[in-house]
Structures are given as C-alpha cells and as structure tokens.
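Take a look at this one; I'll ask things after.
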C-alpha cells in the first residue's frame, strides 16, 4: 500500500456517470465506457458513488460537488482522513463546492489546480498546510478564511486566483514564492502573524488592490520579506513594519506608487536593491539605527521624497543611485553630532539638496561620573550638587532621593 497506508481519503461525490458502478478497490484501475481510470481512494459496495482520478482528474465526470468522509476503512480498521492527495481534483473545471474532512491537516500539491468554477471552500480548524499549486488558477474563489492552525502556504498556492477579494491570513507563518501573485482583486488591509518567518519571493506581486500591510511584532523571530514580494502593488498606501524583520529583499516594494511613508523597524539590517524604487508618492522615510546595508537604487525615483531620517550612529555607504531622482527639497536628518560623519560616508548636500540637519541632543542624564569616597549627589540634569536643598529631587547611588 505504501503512500496510501498513511494518506488515505474517501470521496463521496455527486457523479451521475458512476452512480450505477459498484466498486471495491484500493489504488486499482477500473474501466468505464472503455476509458481507464485510476482509483486513488477506497470505495464500498454500499456506497452509490465512487471517486476515481485519472489523467485529467475528475473532469470527465463533470463533477460539481465533492463531499469528503472523515474516516475510511482499511483492512477492517477505520482511519481518519487527514490529507487530500496530489492532483486529486486537478482539472475539475465544473467543481463548485467542496466539503473537507473535519480533521484535515494537509492539502497536497495541485490538489485543486484549474478548478475555475470553485466558488466556496471552508477549511477545518485542523488544517496546517496548503502545498504548492494547491488552488492554482481557481479564478472564481472570492473569500477565504484561514484557520488559526494554518502555518504554511506553498509556492503558487493561490497563483492567479483573479477573483479573490478577501483573505484572513493572520495565522500564517510562511508564504511560498508567488503564493498570491496575480490576485488583482485582493483588497483591503492585510495583517501578518507575529510568528511570521518568511514572506516568499513575489508572494503578492501584482496585487494592485491591497491598501495596507501590518507586520505585527515578531519579537526574537527572524523574519524576512523576500525579493519582489509586493512589487507592483500600486494601491498600497501604508506599511507598518515591526521588530523582528531583519531583511527586506530586492524590489520588495518597487512601483508601489500609492505608498506615502515607510518607517523601518529595529532589528532590520538590510534594504535590498531597488526596494522602494519608483514609489512616487513617498514623502518620508525613517531608517532605523540597525540598518547596515542599503542597496543600489533603493529609493530611486521617489520623486516626492522630501525628508529622510537616518538613525544609524555609524552611517553606511549606500549603493549607487540609491537616492537618485528624489525631491530637490529633500532634507536629511541625522543623530546629534553625526553630520560630518554622514557627509564623509557620502550622504552629501549634492544628494540631499534641502540640507543636512542634526536631531537635537537628548535631554536628561547622559552619563554619570563616580568619584572615590562618598558617592556624590546629582540633580536631574546630571550635574554634581554639593548643597542639597530641601524638597528637591536628586540622584544618589543610582536611586532617586528627596531631600528632607
């Protein structure tokens, strides 16, 4: 039995051509009207309908509705159905609705590829992964709600699902490459999981109706936004990045012409090549202190960019053409006392024609000098005070005290 000992599934399908056929088989071959089909699932003599999968999936049966059992019987033992096998419904172009097993965990590669009439699916709360091409080309799908259990969406899983308008993906930890590429009607606000670890190459490329993206704080998790992930998402206006994202890959937000502002997050080290190229509406950029690499053409042709806040204590030498084509009024704002260091690293007024300014010095105590003998007292500005006045606050031995 091999593969099917572990990954058995029984389909009860509405299929008129099979209604008179009585079959008991396991991974066998049958013939109906001179056409050979391979049975991928067990059927029972008492069942009216048998599910058969051939070279063209179930298309030959004009399948409209599929209901899958929760359990199947194998060698007199009942086994829970946890997997929809590879290419099980591939090419079922008339299939409209599907009822999944209640304890389904995996939808394998190509399971529903080309089911262009499929309009409705309801995933069980046990689903953990949708493999590559799982729903590729299901152009009639409109709304998806992923369960909290879903962790992985594979490569091209919903590629060219052009009718898809809404997806709740707040639980997904990993998106494969091109996972939602070409979903041109996918709209609204997208919230990504705090457990996100990878958003694959071209994952949402060409999703022109998206409006905002929120990456929730991933803490110590190391997550990345890969190359071209949101390339040509022209409708995106707002992106909120949170701590834990260490890399934004090449061209990740290229041609996001509606994006107004970007504030990078602590922990981010790399802004890839052309990462915000042609973001013509962007007016403000905040670059966090942890950034160590800014690629070629990173902000190329951001023609509205009029302020760049750079918080790196040690300025990096950015790539060629990184700030070419920005607004001629663009001002660079750098940490207090770092203006000359930035100029030496290539952040010059020839690029930032609006000038280079320093942030004001932070207020409060910057450092404490401890002398031998009795520890001194300090005022709240960090100055040593010899004569303490009643009713005022001071700092002594690292603690705040009130002179009585």
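How big is segment 165-211 in terms of Cα radius of gyration and Dmax, in angstroms?
Answer for segment 165-211, Rg first and Dmax second: 10.1, 26 Å.
Give me the Å³ per residue figure for the convex hull around the C-alpha atoms of segment 114-177.
69 Å³
Continuing with this model, one more query. Residue 349 to residue 105: extension gain in nm, 0.36 nm per residue of separation minus the Cα-Cα distance?
82.1 nm
How many angstrom separate the Cα center of segment 236-284 from the Cα center of segment 85-151?
One Cα centre to the other: 32 Å.
Work out, step by step, the length gained on full extension between residue 142 and residue 266: first 0.36 nm times the residue separation, then minus their alpha carbon distance; give nm to one decimal.
In short, 41.0 nm is gained.
When ranked by the protection proxy of mean other Cβ atoms within 10 Å per residue, highest first, what sequence do the peptides 327-338, 255-266 form?
Order by mean packing, descending: 255-266, 327-338.
Related question: With each label point set 7 Å from Cα along the Cα-Cβ vector, what nm distance links residue 238 and residue 361?
The two pseudo-label positions are separated by 3.8 nm.
Please find the FRET efficiency linking residue 313 to residue 401, where r is the Cβ-Cβ separation and R0 is fixed at 41 Å, and quote it to the nearest 0.05.
Once rounded, the FRET efficiency stands at 0.80.
Please list the equivalent ellipsoid semi-axes of segment 124-264, computed as the square roots of five times the alpha-carbon gyration tensor eigenvalues, in descending order and whole angstrom.
21, 18, 13
So, one more: Compute the projected area of the convex hull of the Cα atoms of segment 260-362, averaged over all viewing directions, and report it in nm² to one decimal place.
Taking a quarter of the hull surface, the average projection is 5.5 nm².
By what distance, in whole Å, do the Cα atoms of segment 297-357 stretch along each of the three principal axes, largest value first?
So the three principal-axis extents are 29, 21, 17 Å.
Coordinate-derived values only; no laboratory data. The structure displayed is predicted, hence computed values, not measured ones. Virtual Cβ from ideal backbone geometry, glycine too; neighbours counted across all protein chains shown.
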